[in-house]
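Scroll down for the structure; my scribbles are underneath it.
The values are calculated or read from the model by the stated rules, or taken from the named source; none is laboratory data. Bear in mind that the values here come from a model prediction, so they are computed numbers and not experimental data. Neighbour counts are summed over all protein chains in view; Cβ atoms, including those assigned to glycine, are modelled from backbone coordinates with ideal geometry. SASA here: full protein model, heavy atoms, side chains in, ligands and nucleic acids out. Shrake-Rupley method; radii C 1.70, N 1.55, O 1.52, S 1.80 Å.
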Amino acid sequence: MVRHLLLLALFGWGALLLSPTAFAQNNWGEVAGRITDAGAGSPVISATVLVEGTNFGTAADEDGRYRLRLPEGRYALLIRAVGYEAQTDSVRIRRGTTITHDVALAQATFEMEGALVEGRGVEDAVGVSTIDPEDIRAMPTPVADALRGVKVQLGVTSNNETSNAYSVRGGGYNENQFFVDGFEIYRPLRTQQGEQEGLGLVNADLAETLTLYAGGFPSRYGGKLSSVLDVSYARPTGPIGGSIYGSTLDGGASLRGGLADGRVGLAIAARSARPRRFFATQELEGVYDPDFRDVQGLIDVQLADGHDLHVLGMVARHRFRLEPSQRETTFGIFPNQLRTVAFQFDGLEEDGYDVYFGGARLTNRLSQALRVEHSLSYFETDEFETYDVAGDVTLFRLERDPDAPPNDPFEAIQTGQARQRDIGDNRVSVQTLTGGGRYRLGVGRHAAETGWHLRRLTFDDRLFETSALEGRDEMGNPVSVTVDSLNDAATLDTWQAAAWAEDAWDLLAEPGRLVVTAGVRADYFEFNDEWTVSPRFSARYRLSDLTTLSVATGLYHQAPTYRELRGEPAPGESILGALNRDLESQRSFLVTAGAEHLFPNTRFSLRGEAWYKGFDNLISYELENVRVVYSGENDTKGYAYGLDLQVRGELVPGLESWLNYGFLMAREEFQEPFITERNDGTRARPTDRRHNISLFVQDYVPGDDTWSLHLRTLFGSGLPFTPPAVGDVIDGVSVFESGERSNGRYPEYFRFDMGATKRVRVGRSPAGRPLMLRLTAEVLNVFNMKNTITFDFVDSGEGFFEGVPTRLTPRTVNVRARLDF
């Protein structure tokens, strides 16, 4: 693994710092000059010179002089410095020449009274990453899903390209919160594998910005331990415009614009994905039929000056159908410890879920400093999974004479055989009705806010599932042993309430130099009659124009949802009986500190953050592929700590690239009376991924900026898992039980995807906008890595269970086209 880490790190640095444009800049020119104070004529030290709309540029030296290389063409340069009015100038760059452009900046005057500091410096706050939807659209991924773009952000890990789930700084997949335009949305409850998840509910074609809080998030967010993804959809204005795209795996379209002299904005977007060819590349052969669709729309209405109504709606339909036929997996150590497992299946699996969402928000700006918001939203998800699948499993040991030629075939010797049949018909429906208010006031150097929400939750759950192992007894007679069976239904109605208050204070005379934020949040959960209080604090200090320091600390609670409350019902126990009314919210104490430094000559920034989390009242869980199975008890405590590093910048104007490295350690310890000989002591948590590297690089093809290249890499060391132990032997059939907790590790995950895009201007729309066609070819999993997501355990016939790897997708080629108008 160390060798893989070194190679990937070297590749990442090479991709960022030794890109094609670094060696082939024959069509580049240069602009140089001196930046001075318009009144005094003195040099303006460290003034920045950027290509407008990008982060590409440089900074002035101690004499106010700057020098910037750019591809040939016309550019708008943004020149700015602390204490001065920003200035935008147009320059024409010619190949192989240097033009002189001097700038005189006028000093700025600051109106301090009534300044609103809320929202300043979100990008450089500790644990916060902003994501450009244009970067997400450029990433080579199987389908257009904005959540997959989050996987390459600072502090985020993932090990499954078929899923949009991710972990943040040692947290679980269910410890992340999602908002779209301030409305909370939810992931499905019942998915067992990534293929069933479909499209995430964030549509990048509607989005303006995505902000990821990887810790230290504000008091208005609550209910999850690890992260918040807050997505803002763009307000539709101006002439009608949109986009349409299609690929061999998915397609979609969007339309947006302003009406009624700009007082009404309307946008609608639809997506459809049928990635059967992508899923069918896996080792499990069969007939795959995925069908994922959604439609989203929003409307903004200016009722009067300072009074706006925002309405957002979503409808999604996701279906996954599979008729498995066979699978053959070879694993082990070459040449003398190889195994092959052959599966033969018959049956059918059908899964799916529907989502219905509607939300409305009324915003009233009562004065320049006071804003009042009230909202009401409804979210419903209806999920089902049905399956009746039987499988014959045969395990072979592969042997070959050590003196035989290398091309001689192996001899397959059967060592084990079993048959299992799984039947299920499960359904769950969840309805969430939420009302809330948010009130913001800017007074002097303060930006204060307070708010509340009240939420009604209804769960309708029906379970029917049974699993049986089939084999033969000592006399050779067929036997069937039921190892799991559940048939029950339940309904749960409950409610939650929350309130928060927070104040951001700009402390020093220079605006934005030191901003301190303090807040507190209180939550109540009716089901277990529990109150929680979460104080939080953060500070951001701009040490210089190039360096920012930040820190955050606080308490975070995650109230148990239906999944945690239910756990796994014991044999003979009803679903309602399994609901634990004594279950308490999981709690995390977080401390994180970070620094970011900008290297002015290259405009690359180096960012580092160290963090620590202490957990108590944890509800232990196991990962079964992407499904989280909870114990239903506050049975553990734990901790996690780590370090995240990022290098970020633009190799060419307008195309941002970055490289992340993360180290983390996540541990848990079971508490009495839940300690057993198989979980005693300090153990790795299921998300204990020691090393994580993610890379996204964008660059132009040298000499032709209508061509761009996009590289995306994910690497993560292996996650822990709990292998089974041999339990009872019933009528000659071995039944496994949970073994020593977190005693195994999956192999590391490594994936490299790349794409090339050609941009062609094909005309103008009736509204006068350019019609831009983008043609993209992608190679997914370029190196054809065989990544393992889980193990299927098979009775070896020799007194132990053999772990058979379930592997993810191999190399796949995809082509797509997109027209923006």
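So for region 630-637 (the condition being touching a residue at least 40 places away in the same chain (Cβ under 8 Å), in contact with a helix residue (DSSP H, G or I) (Cβ under 6 Å, 6 or more places away or on another chain) and not small (Gly, Ala, Ser)), does at least one residue qualify?
So far as region 630-637 goes, yes, one or more of its residues are touching a residue at least 40 places away in the same chain (Cβ under 8 Å), in contact with a helix residue (DSSP H, G or I) (Cβ under 6 Å, 6 or more places away or on another chain) and not small (Gly, Ala, Ser).
I want to confirm something. Restricting to region 251-270 and keeping residues that are in contact with a Phe, Trp or Tyr (Cβ under 8 Å, 6 or more places away or on another chain) and buried (at least 18 other Cβ atoms within 10 Å of the Cβ), which single residue is farthest from Glu328 (Cα to Cα)?
Ala267
Listed here are the residues, each with its yes/no results for (1) buried (at least 18 other Cβ atoms within 10 Å of the Cβ); (2) farther than 30 Å from Glu350 by Cα.
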| residue | (1), (2) |
| --- | --- |
| Glu399 | no, yes |
| Asp408 | no, yes |
| Asn426 | no, no |
| Thr434 | yes, yes |
| Val443 | no, yes |
| Ala447 | yes, yes |
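Under 7 Å between Cβ atoms, at least 6 apart or on separate chains: pull out the pairs that start in region 358-372 with a residue that is without any contact (Cβ under 8 Å) to a residue 60 or more places away in the chain and end on any residue that is open to solvent by 70 Å² or more (accessible area, probe 1.4 Å).
These pairs meet every condition: Gly358/Tyr378; Ala360/Leu376; Leu362/His374; Thr363/Arg371; Arg365/Arg371.
If a residue has to be small (Gly, Ala, Ser) and either in contact with a Lys or Arg (Cβ under 6 Å, 6 or more places away or on another chain) or under 21 Å from Ala448 (Cα atoms) (or both) to count, how many in region 179-203 make the cut?
1
Cβ-Cβ under 8 Å, sequence separation 6+ or interchain: first residue in region 252-265 and in contact (Cβ under 8 Å) with a residue 12 or more places away in the chain and closer than 21 Å to Asp294 by Cβ, partner open to solvent by less than 40 Å² (accessible area, probe 1.4 Å) and aromatic (Phe, Trp, Tyr). Which pairs?
Gly252/Tyr245; Ala253/Tyr245
Determine whether Phe464 is open to solvent by 70 Å² or more (accessible area, probe 1.4 Å) and free of Cβ contacts under 8 Å to residues at least 24 places away in the same chain.
On the way: open to solvent by 70 Å² or more (accessible area, probe 1.4 Å): yes; free of Cβ contacts under 8 Å to residues at least 24 places away in the same chain: no.
So Phe464 does not fit the description; no.
Run down Val813, Val794 and say which single residue is of a type in the set (Val, Ile, Thr), surrounded by 21 or more Cβ atoms within 10 Å (Cβ to Cβ), touching a residue at least 24 places away in the same chain (Cβ under 8 Å) and in a strand (DSSP E or B).
From the options Val813, Val794, the qualifying one is Val794.
Take Arg277 and tell me if it is buried (at least 21 other Cβ atoms within 10 Å of the Cβ) and more than 22 Å from Phe183 (Cα to Cα).
No; evaluated as a whole, the condition is false for this residue.
So, of the residues in region 336-359 that are assigned to a strand (DSSP E or B) and open to solvent by 40 Å² or more (accessible area, probe 1.4 Å), which turns out to be modelled with the lowest pLDDT? Spell out how you get there, then give the answer.
Restricting attention to region 336-359, the residues satisfying the condition of being assigned to a strand (DSSP E or B) are 337-359.
Next, only the ones that are open to solvent by 40 Å² or more (accessible area, probe 1.4 Å) stay: 337, 339, 344-346, 348, 350, 356.
On the way: Gln337: 66, Arg339: 79, Gln344: 92, Phe345: 92, Asp346: 92, Leu348: 95, Glu350: 95, Tyr356: 98.
Here the answer is Gln337.
Is one or more of the residues making up region 299-308 open to solvent by less than 60 Å² (accessible area, probe 1.4 Å) and touching a Phe, Trp or Tyr at 6+ places or on another chain (Cβ under 9 Å)?
No, the conditions are met nowhere in region 299-308.
Could you please let me know if Arg438 is more than 29 Å from Pro324 (Cβ to Cβ), of a type in the set (D, E, K, R) and open to solvent by 40 Å² or more (accessible area, probe 1.4 Å)?
Here the answer is yes, as Arg438 does meet what is asked.
Going by the conditions given, is Val287 assigned to a strand (DSSP E or B) and surrounded by fewer than 17 Cβ atoms within 10 Å (Cβ to Cβ)?
The answer is yes for Val287.
Report yes if some residue within region 751-764 is surrounded by 14 or more Cβ atoms within 10 Å (Cβ to Cβ), in contact (Cβ under 8 Å) with a residue 40 or more places away in the chain and not in a strand (DSSP E or B); otherwise report no.
no
Cβ-Cβ below 9 Å, separation at least six or inter-chain, first residue in region 651-665 and at positive phi and open to solvent by 30 Å² or more (accessible area, probe 1.4 Å), second of a type outside the set (A, V, I, L, M, F, W, C) and assigned to a strand (DSSP E or B): which pairs?
Note: pairs meeting the criteria are Gly654/Gln698.
Pairs, please: C-beta under 9 Å, at least 6 apart or cross-chain, first residue farther than 18 Å from Val652 by Cβ and open to solvent by less than 40 Å² (accessible area, probe 1.4 Å) and in region 60-88, second in a strand (DSSP E or B) and acidic (Asp, Glu)?
That search, which allows pairs on different chains as well, returns Gly64/Asp37; Ile79/Asp89.
Okay, residues lined up against (1) within 25 Å of the chain's Cα centre (by Cα); (2) at pLDDT below 95; (3) closer than 27 Å to Leu808 by Cα:
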site: Tyr621; (1), (2), (3): yes, yes, yes
site: Glu624; (1), (2), (3): yes, yes, yes
site: Val629; (1), (2), (3): yes, yes, yes
site: Lys637; (1), (2), (3): no, no, no
site: Tyr641; (1), (2), (3): yes, no, no
site: Arg685; (1), (2), (3): yes, no, yes
site: His691; (1), (2), (3): yes, no, yes
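For region 226-242, indicate whether the set of residues that are open to solvent by less than 40 Å² (accessible area, probe 1.4 Å), under 22 Å from Asn781 (Cα atoms) and touching a residue at least 60 places away in the same chain (Cβ under 8 Å) is non-empty.
Within region 226-242, none of the residues are open to solvent by less than 40 Å² (accessible area, probe 1.4 Å), under 22 Å from Asn781 (Cα atoms) and touching a residue at least 60 places away in the same chain (Cβ under 8 Å).
Could you check region 360-391 and list, in sequence order, the residues that are in contact with a Gly (Cβ under 8 Å, 6 or more places away or on another chain) and assigned to a loop (DSSP other than H, G, I, E, B)?
Correct list: Leu366, Gln368, Ala369.
Out of all the residues in region 148-157, which are open to solvent by less than 10 Å² (accessible area, probe 1.4 Å) and either in contact with a helix residue (DSSP H, G or I) (Cβ under 9 Å, 6 or more places away or on another chain) or aliphatic (A, V, I, L, M) (or both)?
Once the filter is applied, which keeps residues that are open to solvent by less than 10 Å² (accessible area, probe 1.4 Å) and either in contact with a helix residue (DSSP H, G or I) (Cβ under 9 Å, 6 or more places away or on another chain) or aliphatic (A, V, I, L, M) (or both), region 148-157 yields Gly149, Val150, Val152, Leu154, Val156.
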